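Remarks on the structure that follows.
The values are calculated or read from the model by the stated rules, or taken from the named source; none is laboratory data. Everything numeric here is computed off the predicted structure, so don't read it as measured data. Using ideal geometry, Cβ is built from the backbone for each residue, glycine included, and neighbour counts are taken over all protein chains shown. For accessibility, only protein heavy atoms count, side chains too; no ligands or nucleic acids. Shrake-Rupley method; radii C 1.70, N 1.55, O 1.52, S 1.80 Å.
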Amino acid sequence: LKAAERAITIMMFKLEGQLIARNHDFQMESRRLLHHIDFRSSYARLGDGRCLLDALVDALPASAAALARLVQHAAPVGGSALLARVLAAATTSTDSAALVALAVELVERGADTFGRLAGDTTAVHLAAGLGAAPLLAALLERGGDANARDARGRMPLHFALKAELAQAVASARVLIRH
């Protein structure tokens, strides 16, 4: 099934590229993606050399839908603290639910659950702070550390207490169980 999804994606990129090339008045040259894909590494690179995935994460929350589509089409999801970066964007977004759903998708597809942001904040800290108890449980089941400390010595439980009461209680229960 993944091979079929990849083939369909390549065909879609090829057709879109041809359509854009024929219609310069669309002013969509930046959307021609096929020539940016490195088929040996399975990464798409932008003109500035950045990986498409990293560029979309840097543009969160505005790029959440595009990032979700890329992940659904079997983009590599490991490395560069991708999961933690998505959750960090969720902490400042007005639509954190969409980013938490994306984080769940990333975890299910094998994203690195151990990546840390500046300040040693982990995905477990951020999920607890968002009150996302099901995501938090999934992270802990995959080896996340309920007792991890960030650079300021704070544990995920400290972050959980910042969430709304019902979510804080649910997250605290998950953390205590582990």
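Couple of notes before you dig in:
- Hits in the stretch 102-141 - residues which are within 21 Å of Ala65 (Cα to Cα) and not in a helix (DSSP H, G or I): Arg109, Gly110, Ala111, Asp112, Ala132
- Tally, over the stretch 78-101, of residues that are assigned to a loop (DSSP other than H, G, I, E, B), at negative phi and within 11 Å of the chain's Cα centre (by Cα): 1
- Considering only residues in the stretch 38-71 that are modelled with pLDDT under 75 and in a strand (DSSP E or B), the one that is most open to solvent (accessible area, probe 1.4 Å) turns out to be Arg45.
- Pairs where the first residue, in the stretch 1-22, is closer than 14 Å to Arg69 by Cβ and hydroxyl-bearing (Ser, Thr, Tyr) and the second is open to solvent by 100 Å² or more (accessible area, probe 1.4 Å) and modelled with pLDDT of 85 or more, C-beta under 6 Å, 6+ apart: none
- Options Leu117, Leu87, Leu136: the member that is within 16 Å of Val57 (Cα to Cα) and open to solvent by less than 20 Å² (accessible area, probe 1.4 Å): Leu87
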